[in-house]
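Participant: I'd like to ask you about the structure that follows.
Laboratory data are not the source of any read-out in this text; all were calculated from the coordinates shown. Remember, it's a predicted structure, so these values are computed and weren't measured experimentally. Here the Cβ positions follow ideal geometry from the backbone for every residue, glycine too, while neighbour counts run over all protein chains shown.
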Number of protein chains: 2
Amino acid sequence: QMPRGNLETVHHRALVLAQLRKWLDGLRFKDAFECMRKLRINLNLIYDHHPAVFLQNVEMFLKQIDSINHINLFLTELKEEDTTKTMYPRPANTTSSSAPGKAGKVDIICDALRSTMETLNMHKYCLCILTSHVRKTTPELEICLQKVHELLVNPPSAADAVSAEEALKYLLFLVNVNELYEHSLGTYDFDLVLMVAEKSQKDPKEYLPFLNMLKTLEPNYQRYTIDKHLKRYRKALRHISKCGEEHFTELLSLVKDQRLYSDALELFPSGSQQYKSLSVGYAEHLVEQHQAEQAGLLLWRCGETVRALQAFVSCMSWRHALAVATHIPLAPEQLTQLARDLGEKLLEARRHTEAALCLELYAKDCEEAISALIEGAAWEEALRLIYLYNREDFIETNLKSAILDAHSSQMSFIESQKALLIRHKNRLAVVRELKAKASLELFDEEGPDCADSELYSEASTVSNLGSKHSQSNSRISSRSSKNRRKAEGKKYSLKEGSPFEDIALLRSLIQIITVVDKMKEEVHNLLKVLVLFLFDAQASSLQRVYSELLQLLETSIPDIWSENAQRGHNPLTGPDSTANSIMASFQQQRPTASPQDPEVLMAPKMRNTVKWRLTILK
Amino acid sequence: QMPRGNLETVHHRALVLAQLRKWLDGLRFKDAFECMRKLRINLNLIYDHHPAVFLQNVEMFLKQIDSINHINLFLTELKEEDTTKTMYPRPANTTSSSAPGKAGKVDIICDALRSTMETLNMHKYCLCILTSHVRKTTPELEICLQKVHELLVNPPSAADAVSAEEALKYLLFLVNVNELYEHSLGTYDFDLVLMVAEKSQKDPKEYLPFLNMLKTLEPNYQRYTIDKHLKRYRKALRHISKCGEEHFTELLSLVKDQRLYSDALELFPSGSQQYKSLSVGYAEHLVEQHQAEQAGLLLWRCGETVRALQAFVSCMSWRHALAVATHIPLAPEQLTQLARDLGEKLLEARRHTEAALCLELYAKDCEEAISALIEGAAWEEALRLIYLYNREDFIETNLKSAILDAHSSQMSFIESQKALLIRHKNRLAVVRELKAKASLELFDEEGPDCADSELYSEASTVSNLGSKHSQSNSRISSRSSKNRRKAEGKKYSLKEGSPFEDIALLRSLIQIITVVDKMKEEVHNLLKVLVLFLFDAQASSLQRVYSELLQLLETSIPDIWSENAQRGHNPLTGPDSTANSIMASFQQQRPTASPQDPEVLMAPKMRNTVKWRLTILK
């Protein structure tokens, strides 16, 4: 409740707060409390003013207040907000003492008050204790109900004790009746359920048949039924797992419906039939979720080898597939067929070396294996098999032509990357010059009086350049991040004159550098096999062309990413510079990148440790 | 020659230059030339004033000058320097026309003048033509000598022709006599050699015996001897290669001495004995140079398989080694031993999967192969072999304990990386705060009048902080770059209070992130095999701990590398900001990195595409 809006009250409150602080510092909780109630000051201040002191003096607080209603009032008004930071800021010269611990403020106060009240007088503070349970972040309704039930079963003899009925009535005042009924069911205590049901305005025709049905059930199955009714599926699972084999089908369908496979597996020994059934069910689910490898593992470990094989094959987990296949064991001709299938799939996925292993060792087909290796440019491995199986005829029929094909395709790829590099690099220089000019003109026009907010925004320079675009930008920002990423892909277009052309160019340049750098191993292997078959001229030309391209990249990187190149040629500081011109030149240092793509600001690293060059070539 | 240093002359020269430019524009070369000679203006200006115009009017230039001596004077005075950029700057309002072509300026003028003179009158301009050959960037002395020899053999009948003797005398005036003698030898023309030798003051007793000896030799061997004498080893090689087998030993020693292996191999057909001998020699050299793999390739391709095998083994090129071994072919027991040796070496190099292949397929020792795979944590491959060879006993005896060991070592590694991350991250925050404070104090003290140069320098803030250090810095910069790199390693010390502690911390943080990110595949494989053997609890704990660490890294990266964290809390612009304060806050954005290590400015990228997590674990 905010104070009324006239000056007198505001002034009044400042004085009141000063007085309250004094009282609280002097541990005069009673005076403070009374005053706060009267003037509608939020009671949280009692704690917030000095949390540690309050927690140390809970007992004194309770004794001073000494009213069940007032304590309940205090508990009910608690909230997580720190009122000294919001409604009642501290005077400027005092230091704040932050609240202790990690738990929420409300939970801390509830627990502290309750434990003190339980020590002082459990019966007297009964209702306050119930309030403290209800007020917790996750209300502890079952504990409340159990306490009520305790009162019912063992009515306390103390004079100030509260009766079960009173307590339940108070609880129903605090908590919605249906919620309380559900929670009473969750205690599996039918006395409690009936007690709550009777107190509620529920129709006995509604709940009695259900309760009577439940009473007829075997205890574990009863609890399972209640848990399921309350949608507490994990508990339901635990209870039905104790109900024996005749209820296993029900368990399995619960597990499948609620996807409680992991929980269910923990409830059965790994050797049991139930464990196997659950694993099969889980595996089916995992295959649907495109997690066939994990499905295979679950099936294999419980002995379902044939199903495991299927799962491994479906996800190309070929090592596991072959291991299971020899574990089963498959008949030789089936194993051969399996290896052929796997080989084919791996070839389609361009995993040539793995395909070759399947074909060589399991399908016993060295010809297919050698072909696979040649197709995959795994020259050394191909040679190893050629000589191992004494199939030197492959060298003339397949290998040499494949090597020469690889040579010419590498040559033309290198040429194309080089051409692209040069084109993008030149265009980038042009774009940067244009942007630098445009941004200088902008600052000249706006003069030194333009708003600071303009200077802060990194994108402001750009968005001003293309006003048409700044609109579409704001539209983009309102979308979801996934959509935004997609939109950004389009935003950075290489089309000449597109607003983020420089970023698109930088991205493309980074890609060229990365791809060319990654080729080192492949080129190295090709060079070696070219030399081995006396294609020295081809090897030399490849080494020269590739070397030139790498050299060109090395010299281009500082041009593209050096600070000077990005800074342009205008001076940073000097007699004519203003705060704005300095800001402008700093902003120019970076391309017009938004913070989401800082990677374009950084030159990619070439791996200079890879020794790809052959010294025997000129 | 600079003009004398009094004002009158300086003034005079400006007028003279203006007049010269007018004359040159009007193609009045004669007037310009005369004036320039008299006033000692550098003759290069004739060309530099307007290169294209000069080259178009070479004939007119020659005809106007019309003096052999003057043309020689002009040719002799040529240098690469553009005098309009150095001695005689153009008037401010004229535009410069840059010289055409890529070749050097002197070469262009020499070639242009010579071709025109040869068309006009070869005999008359004979000496000038010689000068133009001598003045080229690489003097064409042999052409000069051949022209002189031509004059000797066919004395021209023209009246204005120069005699061979005169020409030679002129040449000796231009070029050192010994140089000319060597070049005459290089023409292999003994007449020419004698002619030069006679004109020189050389003692006939010195050169005649050598020349007479040469004359007795077979022509190719003669040329080889001369080339070798002149240290023209490539030519020598070409000539001796034509001298037949009896000189092959001499050829081989020339090749070895001068390391002309590649050149030599090109001179013999690949099937020849010489090719083989050269390859063996080359291979020996390459092995010494630690290029054993390339040596192996050279040896294999010329049929030296046993030596090739040695070379491949020595560099662990095991695929080639095994291919050659089966190519030879080795006896089975030798092949087994070879495979064992390779396997052992590969194991030492921690290349377990490759070792296993050698052991399994060539040493036929599946037990050793399985052990190697288990040692290398190649669980899937180990399982494949275990089932292939029906050695399921390995699972209980080796595999399970290895898996659990791997689990506990991964767990403790993850914990250690986490602790290191937290420590470095916290310390970085402290260091940054200290530096930010120090840098603000610095700017306050210096006030807005401090020199611009201070603002420019990125390192100035730091070097001022520790004046003791700035001294050692300058000492470092004078060393070689290799030493500097080493020194930088020490410079970025993690010791508290070291001047570049923040950079050292960032480097260490980058390393942690990189290492932890790289573990994804290994953790994934370990999780799978843990699940397969029902170690679900261990798998869950590993997945949880690793997941938490990755999460911690993800949240730490923006803290460490965000612009805000680096910028501190001080406002960038505003009513109280000055150019200096803006500069200061921009400089604070970056840590105190020197331009050599920009990589610490950038957060390393985590590979979020790697799916390492198992969904079946909680």
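Participant: Provide the packing ranking of B:125-131, A:138-144, i.e. peptides ordered by the mean count of other C-beta atoms within 10 Å per residue, highest first.
Facilitator: Numbers: B:125-131: 23.7, A:138-144: 17.0.
Highest-to-lowest ranking by the protection proxy: B:125-131, A:138-144.
Participant: To continue, here is another question. For the pair A:D111 and A:A438, how long in nm is the line joining their label points, each one 7 Å along Cα→Cβ?
Facilitator: 5.9 nm
Participant: May I pose another question? Under a plain spin-label model, where a point goes 7 Å from the Cα along Cα-to-Cβ, how far apart in nm are B:T609 and B:E77?
Facilitator: Here the answer is 6.7 nm between the modelled labels.
Participant: How much length, in nm to one decimal, is gained on full extension between A:N426 and A:E375, taken as 0.36 nm per residue of separation minus their Cα-Cα distance?
Facilitator: Values: separation 51, 0.36 × 51 = 18.36 nm, distance 3.72 nm.
Taking A:N426 through A:E375 to full extension adds about 14.6 nm, to one decimal.
Participant: Quote the FRET efficiency, to the nearest 0.05, computed for A:E521 versus A:A52 with a Förster distance R0 of 51 Å and r equal to the Cβ-Cβ distance. Could the numbers behind the result be given before it?
Facilitator: Values: r = 64 Å, r/R0 = 1.25.
Calculated value: 0.20.
Participant: Give me the number: length gained by fully extending B:Q146 to B:V306, i.e. 0.36 nm times residue separation minus the C-alpha to C-alpha distance, one decimal in nm. Could the numbers behind the result be given before it?
Facilitator: Numbers: separation 160, 0.36 × 160 = 57.60 nm, distance 5.26 nm.
Result for the pair: 52.3 nm of gain on full extension.
Participant: Please report the spacing between the Cα centers of segment A:185-229 and segment B:336-373 in Å, no decimals.
Facilitator: 69 Å
Participant: Can you give me the distance in nm between label points at B:E165 and B:E266, each placed 7 Å from the Cα along the Cα-to-Cβ direction?
Facilitator: With each label placed 7 Å out from Cα toward Cβ, I get 4.5 nm.
Participant: Just to confirm my numbers, what's the Cα centroid distance between segment A:151-180 and segment A:490-543 in Å?
Facilitator: So the separation of the two Cα centres works out to 79 Å.
Participant: Shifting gears a bit: Can you work out ³J(HN,Hα) from phi for every residue in segment B:221-228, in order, using Karplus 6.51 cos²θ - 1.76 cosθ + 1.60 and θ = phi - 60°, giving whole Hz and x for Gly and Pro?
Facilitator: 5, 4, 5, 4, 5, 5, 4, 5
Participant: Let me ask you something else. Please give the peptides A:195-201, B:256-262, B:201-207 ranked by average Cβ packing (other Cβ atoms within 10 Å per residue), highest first, as a rough proxy for protection. Walk me through the numbers on the way to the answer.
Facilitator: On the way: A:195-201: 17.3, B:256-262: 15.7, B:201-207: 11.0.
By packing density, highest mean first, the sequence is A:195-201, B:256-262, B:201-207.
Participant: Related question: Please give the length that would be gained between A:M602 and A:K85 if that part of the chain were fully extended, namely 0.36 nm times their separation in residues minus their C-alpha to C-alpha distance (nm, one decimal). Each step should come with its number before you reach the end.
Facilitator: Numbers: separation 517, 0.36 × 517 = 186.12 nm, distance 4.27 nm.
In short, 181.8 nm is gained.
Participant: Within segment A:407-433, list the residues whose amide N lies under 19 Å from a label point set 7 Å along Cα→Cβ of A:E548.
Facilitator: Residues A:407-426 qualify, since their backbone N sits under 19 Å from the label point.
Participant: Let me ask you something else. In the structure shown, do any of B:K418/B:K528; A:K518/B:K345; A:K85/A:K105; A:K435/A:K495; A:K79/A:K136 have a Cα-Cα gap over 21 Å, and if so which? It would help to have the intermediate numbers written out before the result.
Facilitator: Working: B:K418/B:K528 23 Å; A:K518/B:K345 28 Å; A:K85/A:K105 14 Å; A:K435/A:K495 16 Å; A:K79/A:K136 10 Å.
Pairs exceeding the cut-off: B:K418/B:K528; A:K518/B:K345.
Participant: Which aspartates and glutamates have a Cα less than 20 Å from the Cα of B:K231, not counting those fewer than 8 places away in the same chain?
Facilitator: Candidates past the 8-residue exclusion: B:E140, B:E142, B:E179, B:E182, B:D189, B:E206, B:E218, B:E250, B:D257, B:D263.
Participant: What is the packing order of peptides A:225-231, A:499-505, taking the mean over residues of other C-beta atoms within 10 Å and listing the highest first?
Facilitator: Packing order, densest peptide first, comes out as A:499-505, A:225-231.
Participant: Taking beta carbons within 10 Å but only from partner chains, what does the mean come to for residues A:605-617? The partial results should precede the final answer.
Facilitator: On the way: counts 1, 0, 0, 0, 0, 0, 1, 0, 0, 4, 6, 13, 2.
Counting Cβ atoms of other protein chains within 10 Å of each residue's Cβ and averaging gives 2.
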